[in-house]
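The values are calculated or read from the model by the stated rules, or taken from the named source; none is laboratory data. Note that the structure is predicted; figures quoted are calculated from it, not measured. Every residue, glycine among them, receives a Cβ derived from its backbone with ideal geometry; neighbour counts consider all protein chains shown.
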């Protein structure tokens, strides 16, 4: 499952960050690291971008980027 698969209000824990080179480093710099819990808060009216909450702040990312971040189901 990826961040893109979440429905509004669902959450998961990052288990793998995809992408290569600068893109992957950008994800990591934004706090998208393995073990981090993310919650899908909003989806734009046209479906892209999406807003997630992690580490106490909101982050808006494109669906294309969200597909590169693998999650495991949150058990909380």
Q. For the range 1-18, which residues satisfy the criterion of being more than 14 Å from residue 72 (Cβ to Cβ) and either surrounded by fewer than 13 Cβ atoms within 10 Å (Cβ to Cβ) or out of contact with any helix residue (DSSP H, G or I) (no Cβ under 6 Å at 6 or more places or on another chain) (or both)?
A. 7, 8, 9, 18
**Q.** Total residues in the range 29-74, condition without any contact (Cβ under 8 Å) to a residue 60 or more places away in the chain and assigned to a loop (DSSP other than H, G, I, E, B)
**A.** 16
Q) Within the range 20-36, can you find the residues that are surrounded by 15 or more Cβ atoms within 10 Å (Cβ to Cβ) and either touching a helix residue (DSSP H, G or I) at 6+ places or on another chain (Cβ under 6 Å) or within 18 Å of residue 73 (Cβ to Cβ) (or both)? A) 32, 36
Q: Spot the failing condition for residue 47; the list is (1) farther than 13 Å from residue 69 by Cα; (2) modelled with pLDDT of 90 or more, and only one is missed.
A: (2)
Q. Of all residues in the range 2-28, how many are part of a loop (DSSP other than H, G, I, E, B) and on the phi < 0 side of the Ramachandran plot?
A. 6
Q: Please work out which residue is surrounded by the most Cβ atoms within 10 Å (Cβ to Cβ), limiting yourself to the range 46-70 and to residues that are more than 12 Å from the chain's Cα centre (by Cα) and under 17 Å from residue 4 (Cβ atoms).
A: 48
